[in-house]
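The values are calculated or read from the model by the stated rules, or taken from the named source; none is laboratory data. Quantities reported herein were computed from a predicted structural model and do not represent experimental measurements. Don't worry about glycine lacking a Cβ; one is built from the backbone with ideal geometry, like all the others, and counts go over all protein chains shown. Accessible surface is based on the protein model in full, side chains and every heavy atom, while ligands, DNA and RNA are left aside. Shrake-Rupley method; radii C 1.70, N 1.55, O 1.52, S 1.80 Å.
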Number of protein chains: 2
Amino acid sequence: MAVGRPRAFDADEALDKALVVFWRKGYDGASLAELTSAMGINPPSLYAAFGNKEGLFRRALDRYEEQQGCFIDEALAAPTAREAVERLLCNAASKHCEEGHPQGCMLVTAGLSGDEESSAIREELAARRKAGEDDIRKRLERAKREGDLPKTANPAALARYVTTVLRGMSVQAAGGATARELKQVAEMAMKAWPD
Amino acid sequence: MAVGRPRAFDADEALDKALVVFWRKGYDGASLAELTSAMGINPPSLYAAFGNKEGLFRRALDRYEEQQGCFIDEALAAPTAREAVERLLCNAASKHCEEGHPQGCMLVTAGLSGDEESSAIREELAARRKAGEDDIRKRLERAKREGDLPKTANPAALARYVTTVLRGMSVQAAGGATARELKQVAEMAMKAWPD
DNA sequence: GTGCTTATGTAATGGAAACTAAAAAAATTC
DNA sequence: GAATTTTTTTAGTTTCCATTACATAAGCAC
(Lines give C-alpha, C1' and ligand atoms only; values in the text may rest on other atoms or scores of the structure.)
Protein backbone atom coordinates (compact mmCIF):
# COMPACT_ATOMS: atom_id res chain seq x y z
CA MET A 1 0.00 0.00 0.00
CA ALA A 2 1.06 3.55 -0.61
CA VAL A 3 2.53 5.44 2.30
CA GLY A 4 1.51 8.97 3.13
CA ARG A 5 -1.80 10.77 2.95
CA PRO A 6 -3.94 9.27 0.21
CA ARG A 7 -5.02 11.34 -2.77
CA ALA A 8 -8.49 12.73 -2.26
CA PHE A 9 -9.47 12.79 -5.93
CA ASP A 10 -9.54 10.30 -8.77
CA ALA A 11 -6.75 11.19 -11.19
CA ASP A 12 -8.56 9.74 -14.19
CA GLU A 13 -11.76 11.58 -13.44
CA ALA A 14 -9.84 14.79 -12.99
CA LEU A 15 -8.05 14.14 -16.27
CA ASP A 16 -11.38 13.74 -18.03
CA LYS A 17 -12.47 17.13 -16.73
CA ALA A 18 -9.20 18.70 -17.81
CA LEU A 19 -9.54 17.07 -21.21
CA VAL A 20 -12.84 18.81 -21.86
CA VAL A 21 -11.38 22.18 -20.93
CA PHE A 22 -8.35 21.70 -23.20
CA TRP A 23 -10.57 20.44 -26.00
CA ARG A 24 -12.87 23.41 -25.73
CA LYS A 25 -10.31 26.17 -25.21
CA GLY A 26 -7.11 24.82 -26.68
CA TYR A 27 -3.82 24.53 -24.82
CA ASP A 28 -3.09 28.23 -24.47
CA GLY A 29 -6.71 29.17 -23.96
CA ALA A 30 -7.14 26.85 -21.01
CA SER A 31 -6.01 28.60 -17.84
CA LEU A 32 -4.92 26.81 -14.72
CA ALA A 33 -7.77 28.46 -12.88
CA GLU A 34 -10.29 26.92 -15.27
CA LEU A 35 -8.55 23.59 -15.21
CA THR A 36 -8.34 23.29 -11.44
CA SER A 37 -11.88 24.53 -11.10
CA ALA A 38 -13.19 21.94 -13.57
CA MET A 39 -11.09 19.22 -11.99
CA GLY A 40 -12.27 20.13 -8.50
CA ILE A 41 -8.76 20.36 -7.11
CA ASN A 42 -6.22 23.01 -6.15
CA PRO A 43 -3.07 23.84 -8.08
CA PRO A 44 -0.67 21.96 -5.79
CA SER A 45 -2.64 18.76 -6.30
CA LEU A 46 -2.50 19.27 -10.04
CA TYR A 47 1.25 19.84 -10.00
CA ALA A 48 1.85 16.86 -7.71
CA ALA A 49 -0.16 14.57 -9.96
CA PHE A 50 0.72 15.80 -13.44
CA GLY A 51 3.91 17.83 -13.18
CA ASN A 52 2.74 20.99 -14.88
CA LYS A 53 0.29 22.29 -17.46
CA GLU A 54 2.15 20.70 -20.33
CA GLY A 55 2.33 17.34 -18.59
CA LEU A 56 -1.37 17.52 -17.86
CA PHE A 57 -2.03 18.32 -21.50
CA ARG A 58 -0.04 15.35 -22.75
CA ARG A 59 -1.88 13.06 -20.38
CA ALA A 60 -5.14 14.58 -21.55
CA LEU A 61 -4.14 13.85 -25.14
CA ASP A 62 -3.48 10.21 -24.24
CA ARG A 63 -6.87 10.06 -22.63
CA TYR A 64 -8.45 11.76 -25.62
CA GLU A 65 -7.04 9.25 -28.06
CA GLU A 66 -8.15 6.41 -25.79
CA GLN A 67 -11.69 7.70 -25.46
CA GLN A 68 -12.38 9.33 -28.78
CA GLY A 69 -9.96 7.58 -31.07
CA CYS A 70 -11.43 4.12 -30.74
CA PHE A 71 -13.69 4.65 -33.72
CA ILE A 72 -10.58 4.83 -35.88
CA ASP A 73 -9.23 1.38 -35.04
CA GLU A 74 -12.77 0.12 -35.27
CA ALA A 75 -13.16 1.54 -38.78
CA LEU A 76 -9.75 0.33 -39.93
CA ALA A 77 -10.69 -3.18 -38.81
CA ALA A 78 -13.28 -3.40 -41.57
CA PRO A 79 -12.74 -6.27 -44.05
CA THR A 80 -11.88 -4.12 -47.06
CA ALA A 81 -9.86 -0.95 -47.33
CA ARG A 82 -12.69 0.81 -49.06
CA GLU A 83 -15.10 -0.04 -46.31
CA ALA A 84 -12.54 0.94 -43.69
CA VAL A 85 -12.09 4.41 -45.11
CA GLU A 86 -15.81 4.77 -45.72
CA ARG A 87 -16.49 4.07 -42.08
CA LEU A 88 -13.63 6.29 -41.01
CA LEU A 89 -15.02 9.29 -42.84
CA CYS A 90 -18.60 8.57 -41.87
CA ASN A 91 -17.79 8.06 -38.20
CA ALA A 92 -15.69 11.21 -38.16
CA ALA A 93 -18.60 13.15 -39.59
CA SER A 94 -20.77 12.00 -36.70
CA LYS A 95 -18.16 12.26 -33.97
CA HIS A 96 -16.98 15.73 -34.88
CA CYS A 97 -20.48 17.16 -34.65
CA GLU A 98 -21.67 15.33 -31.55
CA GLU A 99 -23.26 17.41 -28.86
CA GLY A 100 -21.92 17.18 -25.34
CA HIS A 101 -18.32 17.87 -26.28
CA PRO A 102 -16.48 20.43 -28.40
CA GLN A 103 -16.70 20.03 -32.16
CA GLY A 104 -13.80 18.90 -34.27
CA CYS A 105 -10.79 16.75 -33.50
CA MET A 106 -8.77 18.00 -30.57
CA LEU A 107 -5.53 17.18 -32.36
CA VAL A 108 -6.52 19.84 -34.85
CA THR A 109 -8.32 22.41 -32.75
CA ALA A 110 -6.16 22.50 -29.63
CA GLY A 111 -3.31 24.39 -31.25
CA LEU A 112 -2.20 24.86 -34.83
CA SER A 113 -0.28 28.09 -34.44
CA GLY A 114 3.02 28.79 -32.79
CA ASP A 115 6.61 29.49 -33.56
CA GLU A 116 8.91 26.97 -35.13
CA GLU A 117 11.40 27.20 -32.31
CA SER A 118 9.07 27.54 -29.35
CA SER A 119 5.88 25.55 -29.19
CA ALA A 120 6.44 21.98 -28.11
CA ILE A 121 2.69 21.60 -27.96
CA ARG A 122 2.27 22.32 -31.64
CA GLU A 123 4.85 19.68 -32.45
CA GLU A 124 3.26 17.15 -30.15
CA LEU A 125 -0.09 17.63 -31.86
CA ALA A 126 1.47 17.43 -35.33
CA ALA A 127 3.28 14.23 -34.37
CA ARG A 128 0.08 12.64 -33.15
CA ARG A 129 -1.74 13.65 -36.30
CA LYS A 130 1.06 12.12 -38.31
CA ALA A 131 0.73 8.90 -36.32
CA GLY A 132 -2.94 8.78 -37.29
CA GLU A 133 -2.08 9.18 -40.94
CA ASP A 134 0.49 6.40 -40.61
CA ASP A 135 -2.12 4.05 -39.19
CA ILE A 136 -4.27 4.62 -42.24
CA ARG A 137 -1.35 4.20 -44.59
CA LYS A 138 -0.42 0.89 -42.98
CA ARG A 139 -3.95 -0.37 -43.37
CA LEU A 140 -3.89 0.58 -47.04
CA GLU A 141 -0.50 -1.00 -47.59
CA ARG A 142 -1.88 -4.19 -46.17
CA ALA A 143 -4.86 -3.87 -48.47
CA LYS A 144 -2.57 -3.53 -51.44
CA ARG A 145 -0.62 -6.61 -50.43
CA GLU A 146 -3.87 -8.50 -50.04
CA GLY A 147 -5.02 -7.42 -53.49
CA ASP A 148 -7.79 -5.42 -51.91
CA LEU A 149 -6.43 -2.30 -53.59
CA PRO A 150 -5.25 -2.22 -57.21
CA LYS A 151 -1.53 -2.74 -57.86
CA THR A 152 -1.36 0.80 -59.19
CA ALA A 153 -2.70 2.33 -55.96
CA ASN A 154 -0.47 4.58 -53.88
CA PRO A 155 -1.23 3.87 -50.23
CA ALA A 156 0.78 6.80 -48.90
CA ALA A 157 -0.92 9.29 -51.20
CA LEU A 158 -4.32 7.78 -50.54
CA ALA A 159 -3.78 7.89 -46.78
CA ARG A 160 -2.71 11.49 -47.06
CA TYR A 161 -5.80 12.34 -49.06
CA VAL A 162 -8.11 10.67 -46.58
CA THR A 163 -6.33 12.33 -43.67
CA THR A 164 -6.58 15.69 -45.35
CA VAL A 165 -10.32 15.28 -45.70
CA LEU A 166 -10.52 14.25 -42.06
CA ARG A 167 -8.57 17.30 -40.92
CA GLY A 168 -10.75 19.49 -43.07
CA MET A 169 -13.84 17.99 -41.49
CA SER A 170 -12.51 19.03 -38.10
CA VAL A 171 -12.11 22.60 -39.26
CA GLN A 172 -15.59 22.54 -40.74
CA ALA A 173 -17.03 21.08 -37.56
CA ALA A 174 -15.27 23.69 -35.44
CA GLY A 175 -16.88 26.28 -37.69
CA GLY A 176 -20.36 24.96 -37.08
CA ALA A 177 -20.90 22.41 -39.86
CA THR A 178 -23.58 19.80 -39.21
CA ALA A 179 -23.16 16.02 -39.27
CA ARG A 180 -25.38 15.85 -42.37
CA GLU A 181 -23.13 18.25 -44.20
CA LEU A 182 -20.02 16.33 -43.24
CA LYS A 183 -21.57 13.00 -44.25
CA GLN A 184 -22.17 14.52 -47.62
CA VAL A 185 -18.50 15.45 -47.72
CA ALA A 186 -17.56 11.91 -46.75
CA GLU A 187 -19.71 10.51 -49.54
CA MET A 188 -18.20 12.87 -52.06
CA ALA A 189 -14.68 12.13 -50.88
CA MET A 190 -15.25 8.44 -51.49
CA LYS A 191 -15.91 9.11 -55.15
CA ALA A 192 -12.16 9.52 -55.54
CA TRP A 193 -11.66 5.93 -54.45
CA PRO A 194 -9.69 3.81 -56.92
CA ASP A 195 -11.43 0.63 -58.05
CA MET B 1 -4.25 68.46 -45.14
CA ALA B 2 -4.50 66.84 -41.76
CA VAL B 3 -3.97 69.01 -38.74
CA GLY B 4 -1.83 67.96 -35.81
CA ARG B 5 1.39 66.05 -35.63
CA PRO B 6 1.67 63.70 -38.57
CA ARG B 7 1.93 59.97 -38.03
CA ALA B 8 5.53 58.85 -38.11
CA PHE B 9 4.87 55.36 -39.51
CA ASP B 10 3.05 53.94 -42.48
CA ALA B 11 -0.12 52.24 -41.26
CA ASP B 12 -0.19 49.73 -44.10
CA GLU B 13 3.41 48.74 -43.63
CA ALA B 14 2.84 48.35 -39.92
CA LEU B 15 -0.23 46.26 -40.68
CA ASP B 16 1.80 43.95 -42.88
CA LYS B 17 4.25 43.41 -40.05
CA ALA B 18 1.42 42.71 -37.62
CA LEU B 19 -0.14 40.32 -40.12
CA VAL B 20 2.94 38.15 -40.17
CA VAL B 21 3.01 37.96 -36.38
CA PHE B 22 -0.67 37.02 -36.18
CA TRP B 23 -0.26 34.49 -38.96
CA ARG B 24 2.71 32.88 -37.25
CA LYS B 25 1.49 32.89 -33.66
CA GLY B 26 -2.28 33.05 -33.90
CA TYR B 27 -4.47 35.68 -32.29
CA ASP B 28 -3.92 34.68 -28.68
CA GLY B 29 -0.31 33.75 -29.22
CA ALA B 30 0.62 37.16 -30.60
CA SER B 31 1.43 39.48 -27.71
CA LEU B 32 1.26 43.22 -27.92
CA ALA B 33 4.95 43.36 -27.16
CA GLU B 34 5.71 41.22 -30.22
CA LEU B 35 3.28 43.12 -32.37
CA THR B 36 4.56 46.58 -31.49
CA SER B 37 8.13 45.40 -31.79
CA ALA B 38 7.52 43.98 -35.27
CA MET B 39 5.56 47.05 -36.30
CA GLY B 40 8.27 49.37 -35.01
CA ILE B 41 5.88 51.46 -32.96
CA ASN B 42 4.81 51.89 -29.34
CA PRO B 43 1.52 50.67 -27.88
CA PRO B 44 -0.17 54.10 -27.85
CA SER B 45 0.44 54.47 -31.57
CA LEU B 46 -1.06 51.06 -32.16
CA TYR B 47 -4.13 51.88 -30.11
CA ALA B 48 -4.57 55.25 -31.77
CA ALA B 49 -4.38 53.71 -35.23
CA PHE B 50 -6.22 50.42 -34.79
CA GLY B 51 -8.32 50.70 -31.65
CA ASN B 52 -7.13 47.59 -29.88
CA LYS B 53 -5.67 44.15 -30.49
CA GLU B 54 -8.91 42.80 -31.89
CA GLY B 55 -9.28 45.74 -34.26
CA LEU B 56 -5.74 45.30 -35.43
CA PHE B 57 -6.41 41.63 -36.02
CA ARG B 58 -9.50 42.30 -38.12
CA ARG B 59 -7.59 44.80 -40.20
CA ALA B 60 -4.80 42.27 -40.56
CA LEU B 61 -7.35 39.73 -41.78
CA ASP B 62 -8.58 42.18 -44.42
CA ARG B 63 -5.02 42.69 -45.50
CA TYR B 64 -4.40 38.96 -45.51
CA GLU B 65 -7.32 38.25 -47.80
CA GLU B 66 -6.24 41.07 -50.08
CA GLN B 67 -2.67 39.85 -50.31
CA GLN B 68 -2.95 36.09 -50.11
CA GLY B 69 -6.51 35.48 -51.24
CA CYS B 70 -6.08 36.78 -54.75
CA PHE B 71 -5.21 33.33 -56.06
CA ILE B 72 -8.74 32.24 -55.20
CA ASP B 73 -10.54 34.74 -57.44
CA GLU B 74 -7.92 34.07 -60.04
CA ALA B 75 -8.63 30.34 -59.93
CA LEU B 76 -12.40 30.77 -59.89
CA ALA B 77 -12.13 32.91 -63.02
CA ALA B 78 -11.08 29.86 -65.03
CA PRO B 79 -13.39 29.03 -67.95
CA THR B 80 -14.75 25.78 -66.57
CA ALA B 81 -15.72 24.82 -63.04
CA ARG B 82 -13.49 21.81 -63.17
CA GLU B 83 -10.52 23.86 -64.15
CA ALA B 84 -11.37 26.46 -61.54
CA VAL B 85 -11.36 23.94 -58.72
CA GLU B 86 -8.31 22.22 -60.10
CA ARG B 87 -6.41 25.48 -60.02
CA LEU B 88 -7.80 26.32 -56.61
CA LEU B 89 -6.51 23.12 -55.08
CA CYS B 90 -3.22 23.24 -56.91
CA ASN B 91 -2.55 26.86 -56.02
CA ALA B 92 -3.47 26.22 -52.42
CA ALA B 93 -0.98 23.36 -52.32
CA SER B 94 1.76 25.74 -53.42
CA LYS B 95 0.72 28.74 -51.37
CA HIS B 96 0.29 26.86 -48.12
CA CYS B 97 3.81 25.52 -48.26
CA GLU B 98 5.61 28.60 -49.50
CA GLU B 99 8.68 29.65 -47.61
CA GLY B 100 8.90 33.19 -46.31
CA HIS B 101 5.62 33.10 -44.49
CA PRO B 102 3.88 30.74 -42.07
CA GLN B 103 2.39 27.57 -43.53
CA GLY B 104 -1.32 27.02 -43.87
CA CYS B 105 -4.21 29.41 -44.31
CA MET B 106 -4.38 32.01 -41.58
CA LEU B 107 -8.17 31.70 -41.45
CA VAL B 108 -7.59 28.17 -40.22
CA THR B 109 -4.45 28.43 -38.16
CA ALA B 110 -4.99 31.72 -36.33
CA GLY B 111 -7.61 30.37 -33.96
CA LEU B 112 -9.91 27.36 -34.05
CA SER B 113 -10.52 26.94 -30.35
CA GLY B 114 -12.47 29.04 -27.92
CA ASP B 115 -15.69 29.10 -26.00
CA GLU B 116 -19.06 29.39 -27.65
CA GLU B 117 -19.96 32.48 -25.67
CA SER B 118 -16.62 34.22 -25.55
CA SER B 119 -14.37 34.22 -28.57
CA ALA B 120 -15.43 36.77 -31.15
CA ILE B 121 -12.23 35.99 -33.02
CA ARG B 122 -13.20 32.39 -33.52
CA GLU B 123 -16.50 33.50 -35.01
CA GLU B 124 -14.88 36.07 -37.22
CA LEU B 125 -12.55 33.46 -38.67
CA ALA B 126 -15.38 30.98 -39.15
CA ALA B 127 -17.45 33.62 -40.93
CA ARG B 128 -14.62 34.43 -43.31
CA ARG B 129 -14.05 30.76 -44.01
CA LYS B 130 -17.75 30.43 -44.75
CA ALA B 131 -17.55 33.36 -47.13
CA GLY B 132 -14.82 31.56 -49.01
CA GLU B 133 -16.95 28.47 -49.30
CA ASP B 134 -19.84 30.60 -50.57
CA ASP B 135 -17.66 32.05 -53.31
CA ILE B 136 -16.87 28.56 -54.52
CA ARG B 137 -20.52 27.52 -54.31
CA LYS B 138 -21.60 30.52 -56.37
CA ARG B 139 -19.05 29.69 -59.03
CA LEU B 140 -20.35 26.13 -59.18
CA GLU B 141 -23.97 27.25 -59.31
CA ARG B 142 -23.10 29.39 -62.28
CA ALA B 143 -21.36 26.42 -63.85
CA LYS B 144 -24.46 24.33 -63.38
CA ARG B 145 -26.63 27.00 -64.99
CA GLU B 146 -24.19 27.21 -67.88
CA GLY B 147 -24.28 23.45 -68.36
CA ASP B 148 -20.67 23.22 -67.31
CA LEU B 149 -21.66 20.90 -64.49
CA PRO B 150 -24.17 18.06 -64.92
CA LYS B 151 -27.79 18.77 -64.01
CA THR B 152 -27.51 16.22 -61.22
CA ALA B 153 -24.59 18.02 -59.59
CA ASN B 154 -25.02 19.54 -56.16
CA PRO B 155 -23.03 22.79 -56.09
CA ALA B 156 -23.39 23.32 -52.35
CA ALA B 157 -22.17 19.83 -51.52
CA LEU B 158 -19.38 20.06 -54.05
CA ALA B 159 -18.26 23.43 -52.70
CA ARG B 160 -18.28 22.02 -49.22
CA TYR B 161 -16.20 19.08 -50.29
CA VAL B 162 -13.65 21.26 -52.02
CA THR B 163 -13.52 23.62 -49.06
CA THR B 164 -13.04 20.72 -46.68
CA VAL B 165 -10.06 19.52 -48.70
CA LEU B 166 -8.67 23.06 -48.68
CA ARG B 167 -9.04 23.36 -44.93
CA GLY B 168 -7.43 19.99 -44.49
CA MET B 169 -4.53 21.09 -46.65
CA SER B 170 -3.98 23.99 -44.27
CA VAL B 171 -3.79 21.66 -41.33
CA GLN B 172 -1.40 19.41 -43.21
CA ALA B 173 0.75 22.36 -44.20
CA ALA B 174 0.83 23.64 -40.64
CA GLY B 175 2.01 20.17 -39.65
CA GLY B 176 4.89 20.26 -42.08
CA ALA B 177 3.53 18.73 -45.27
CA THR B 178 5.37 19.61 -48.48
CA ALA B 179 3.92 21.20 -51.60
CA ARG B 180 4.50 17.97 -53.51
CA GLU B 181 2.47 16.03 -51.00
CA LEU B 182 -0.35 18.51 -51.12
CA LYS B 183 -0.37 18.56 -54.92
CA GLN B 184 -0.82 14.81 -54.77
CA VAL B 185 -3.77 15.39 -52.47
CA ALA B 186 -5.18 17.94 -54.90
CA GLU B 187 -4.87 15.49 -57.75
CA MET B 188 -6.54 12.76 -55.78
CA ALA B 189 -9.31 15.07 -54.64
CA MET B 190 -10.12 15.89 -58.26
CA LYS B 191 -10.87 12.24 -58.92
CA ALA B 192 -14.16 12.79 -57.12
CA TRP B 193 -15.19 15.33 -59.73
CA PRO B 194 -18.50 14.61 -61.45
CA ASP B 195 -18.35 14.44 -65.20
C1' DG C 1 0.50 7.06 20.93
C1' DT C 2 5.23 9.11 17.99
C1' DG C 3 7.58 9.53 13.61
C1' DC C 4 7.34 9.56 8.59
C1' DT C 5 5.46 10.50 4.26
C1' DT C 6 2.50 12.33 1.14
C1' DA C 7 -1.62 15.27 0.01
C1' DT C 8 -4.35 19.41 0.80
C1' DG C 9 -5.84 24.34 1.35
C1' DT C 10 -4.42 29.03 1.55
C1' DA C 11 -2.06 32.46 -0.08
C1' DA C 12 1.53 34.30 -2.25
C1' DT C 13 5.28 34.84 -6.04
C1' DG C 14 7.27 36.85 -10.06
C1' DG C 15 6.28 37.73 -14.59
C1' DA C 16 3.72 38.88 -18.61
C1' DA C 17 -0.56 40.23 -20.45
C1' DA C 18 -3.54 44.20 -22.57
C1' DC C 19 -4.10 48.71 -22.12
C1' DT C 20 -3.48 53.86 -20.76
C1' DA C 21 -2.14 58.58 -18.22
C1' DA C 22 0.69 62.26 -18.87
C1' DA C 23 4.00 65.07 -20.71
C1' DA C 24 6.86 66.26 -24.60
C1' DA C 25 7.13 66.86 -29.69
C1' DA C 26 5.71 68.04 -34.34
C1' DA C 27 2.84 69.59 -37.41
C1' DT C 28 -1.16 73.15 -38.87
C1' DT C 29 -4.00 77.50 -38.31
C1' DC C 30 -4.50 81.99 -36.94
C1' DG D 1 4.95 83.61 -32.87
C1' DA D 2 0.92 81.74 -30.02
C1' DA D 3 -2.80 78.44 -29.89
C1' DT D 4 -4.49 74.07 -31.33
C1' DT D 5 -4.45 69.37 -32.67
C1' DT D 6 -2.59 65.06 -33.01
C1' DT D 7 1.27 61.71 -32.38
C1' DT D 8 5.04 60.05 -29.79
C1' DT D 9 7.69 58.52 -25.74
C1' DT D 10 7.97 56.96 -21.21
C1' DA D 11 6.39 54.84 -17.65
C1' DG D 12 3.16 53.17 -15.60
C1' DT D 13 -1.72 50.42 -14.19
C1' DT D 14 -4.45 46.55 -13.39
C1' DT D 15 -5.30 42.01 -14.19
C1' DC D 16 -4.31 37.45 -14.99
C1' DC D 17 -0.99 33.91 -15.77
C1' DA D 18 1.65 29.48 -14.30
C1' DT D 19 3.85 28.00 -10.49
C1' DT D 20 5.20 27.35 -5.54
C1' DA D 21 6.09 28.09 -0.01
C1' DC D 22 4.14 26.93 3.88
C1' DA D 23 1.47 25.21 7.34
C1' DT D 24 -1.98 21.66 8.22
C1' DA D 25 -4.17 17.17 7.62
C1' DA D 26 -4.38 12.20 6.88
C1' DG D 27 -2.81 7.98 6.25
C1' DC D 28 1.02 4.08 7.43
C1' DA D 29 5.01 1.76 10.32
C1' DC D 30 6.52 1.12 14.72
Integer Hz, Karplus 6.51/-1.76/1.60 couplings in order for the stretch A:178-195, x for Gly and Pro:
8, 4, 4, 4, 6, 5, 5, 4, 4, 4, 5, 4, 5, 5, 7, 5, x, 9
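How do A:87, A:145 stack up against each other in accessible area, from largest to smallest, with a 1.4 angstrom probe? If you can, show how the numbers build up before the last one.
Working: A:87 100, A:145 180 Å².
Ranked from most to least accessible, the order is A:145, A:87.
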Solvent-accessible area per residue for the stretch B:11-64 (1.4 angstrom probe, square angstrom):
43
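When N is the residue count of the protein assembly as shown, what does its C-alpha Rg come to as a fraction of 2.2 N^0.38 Å? Could you put the intermediate results ahead of the total?
Values: Rg = 22.4 Å, N = 390, 2.2 N^0.38 = 21.2 Å.
Cα-based Rg divided by the globular estimate yields 1.06.
Accessible area lost on pairing A with B, both sides, 1.4 Å probe, Å² to nearest 100?
In total, this chain pair buries about 3300 Å².
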Measuring from the longest principal axis of the C-alpha atoms of chain B, the long axis of helix B:120-145 (C-alpha) lies at a number of degrees, nearest 10, equal to 30
Cα long-axis angle, helix B:53-68 against chain B (0 to 90 degrees, to the nearest 10):
40
Which distances in nm, rounded to one decimal and ordered from shortest, link the label point of residue A:44 to the equivalent label points in the other identical copies, with labels set 7 Å from Cα toward Cβ?
4.5
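Got a number for carbon plus sulfur as a percent of the protein assembly as shown's accessible area, 1.4 Å probe? Before the final figure, lay out the partial values.
On the way: 9020 of 18380 Å².
Carbon and sulfur: 49 percent of the exposed surface of the protein assembly as shown.
Among the chymotrypsin sites (Phe, Trp or Tyr not before Pro) in the stretch B:1-30, which ones are in a DSSP loop with at most 16 other Cβ atoms within 10 Å of the Cβ? Mind listing them? If you can, show how the numbers build up before the last one.
Numbers: sites: B:9, B:22, B:23, B:27; in loops: B:9.
Passing both the DSSP loop test and the Cβ count: B:9.
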Treating the angle as unsigned and between 0 and 90°, give the value, to the nearest 10°, between the Cα long axis of helix A:81-97 and the longest Cα principal axis of chain A.
40
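Please give the charge dipole size of chain B, origin at the Cα centre, charges +1 on K and R Cβ atoms and -1 on D and E Cβ atoms. Round to the nearest 20 debye. Each step should come with its number before you reach the end.
Details: 28 positive and 30 negative charges, 55 e Å.
Once rounded to the nearest 20, the dipole reads 260 debye.
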So how far apart, in nm, are the two label points at residue A:91 and residue B:70 if each is 7 Å from Cα heading toward Cβ?
4.6
Theoretical ellipticity at 222 nm over the protein assembly as shown - DSSP helices of four or more residues, -39500 (n - 2.57) apiece, nearest 500:
-22500 deg cm²/dmol
Let me check the size of chain B from its C-alpha atoms; what are the radius of gyration and Dmax in Å?
19.0, 63
